[in-house]
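So the structure is just underneath, and the comments pick up after that.
We did not get these values from a lab; they are worked out from the coordinates using the rules stated. Predicted model, so just to flag it, every value in this text is computed and none were measured.
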Amino acid sequence: MPAQSYVNGRYVLHDSAAVHIEDRGYQFADGVYEVIAIYGGGIVDEKPHMERFFRSLGELNIPPPASARTIAIILREILRRNRITDGALYLQVTRGVAPRNHAHPPDMKPALVVTGRAVRWPQSFAAVQPIAIVGVADERWTRADIKSVSLLPNILARMSADRTGADDAWMIDGAGYVTEGSSSNAWIVSNGDEIITRQLGHSILAGITRQAILKHFGDALKFTERAFTLEEAKGAAEAFQTSTTALVKPVVKIDGSPIGDGKPGGVTKKVFEAYLTHFAAHASAAPSAAPSAAS
Ligand code: PDD
């Protein structure tokens with residue numbers, strides 16, 4: 001069955017799906033995106049993802065391409081057409097197509113693209129591959145809270161990891177504190193089992209996985225939202241990173257130094273297992289579960 005994608009009002013064969021060469025996303029990275037997990041046919045944490053999507057659009061003054069309800073229907077149609085029960089959806093909105101000029105014409109028509117793919121989610125902590133990370137300078141702009149498609153510094157960070165034989169990179173701000181991973185939020189576990197992740201602000205993306213973990217497991221586990229340095233991370237008992245597609249991933253090495261005993265830790269396992277339960281429980285099937293606030 002050939003894959004299908006949604007491009008500006010039409011469902012098209014994925015292999016021949018295309019946008020105009022003067023789309024501002026292509027020329028200026030003038031757009032935003034979301035990645036949402038699909039589990040058992042349901043859309044995981046749809047509401048917070050859609051809220052973040054509309055917020056990112058608002059911060060960049062890009063008008064929503066459609067109502068939240070219409071987008072919710074498109075997402076489900078992509079899942080249906082591609083027969084995805086476990087997977088991930090990618091949504092992207094750019095400001096639209098116009099002759100190349102930094103200033104854009106008024107009343108542009110934003111462009112919406114949705115793609116879907118199958119993913120096999122790990123069903124146990126033992127199935128999760130632990131990773132090694134390196135620290136790199138955070139070279140991004142000052143609004144990392146906006147989920148912009150402008151990801152060049154994130155890609156360069158990831159390339160640094162590849163060059164040194166690591167799996168991923170954590171970015172470090174000018175004051176020496178870890179902001180986040182190249183495509184994830186960063187966490188450490190202190191020797192007293194305190195789970196630490198950087199506080200929200202303009203320098204990190206408000207991860208939906210991060211939010212779910214803090215919101216739903218705050219009673220069972222000890223969390224602190226504060227900045228930490230890479231040195232503190234290297235001396236931590238455990239470290240891990242979180243994202244929609246990687247869920248909760250143990251970090252066992254930082255800049256070549258083993259973390260704790262160099263194996264995935266027990267607190268990380270607890271967070272993984274708690275998140276997996278949440279993941280399964282928060283997959284919504286019906287479009288009525290989508291946010292209705294946006295017009
Ligand atoms: N990235 N920080 C950054 C820079 C990210 O790119 C991501 C996710 C996260 C975690 O956010 P969430 O838990 O909502 O997925 C944090 C997605 C998965 C991506 O770019 O593919």
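Annotations for the structure displayed:
- Taken as Cα centroids, region 231-271 and region 35-68 sit 29 Å apart, rounded to the nearest whole angstrom.
- If you sort the three axes of the alpha carbon gyration tensor as a ≥ b ≥ c, you get a/c of 1.5 or more for the chain and a/b above b/c, which makes it prolate.
- Tensor-based shape of region 1-157 (alpha-carbon gyration tensor, a/c under 1.5 rounded, otherwise prolate or oblate): oblate
- Only helices enter this figure: runs of n ≥ 4 DSSP H residues, each worth -39500 (n - 2.57), summed and divided by the residues of the chain, yield -8000 deg cm²/dmol at 222 nm to the nearest 500.
- Largest GNM mean-square fluctuation among E139, E180, E238, using the chain with Cα springs under 10 Å: E139.
- Mean-square fluctuations from a GNM of the chain, with a 10 angstrom spring cutoff on Cα atoms, peak among F272, F228, F28 at F28.
- Candidate cross-link partners of K47 among the aspartates and glutamates, defined by an alpha-carbon separation under 19 Å and a same-chain spacing of 8 or more, comprise E34, E59, E77, D86, D145.
- Whole-number percent relative contact order across the chain, with pairs defined as alpha carbons under 8 Å at least 6 apart: 21
- Partners of K263 within straight-line reach, counting lysines whose Cα lies under 16 Å from its Cα and excluding those fewer than 8 residues away in the same chain: K234, K249, K253.
- Alpha-carbon centroid distance for the pair region 130-148 / region 165-218, whole angstrom: 10
- Residue of V93, V19, V113 that the Gaussian network model of the chain assigns the largest fluctuation, springs spanning Cα pairs under 10 Å: V19
- Candidate aspartates and glutamates - alpha carbon under 15 Å from K269, same-chain residues fewer than 8 apart omitted: D193, E194, E238, D261
- Volume of the Cα convex hull of region 125-280, divided per residue and given in Å³: 104
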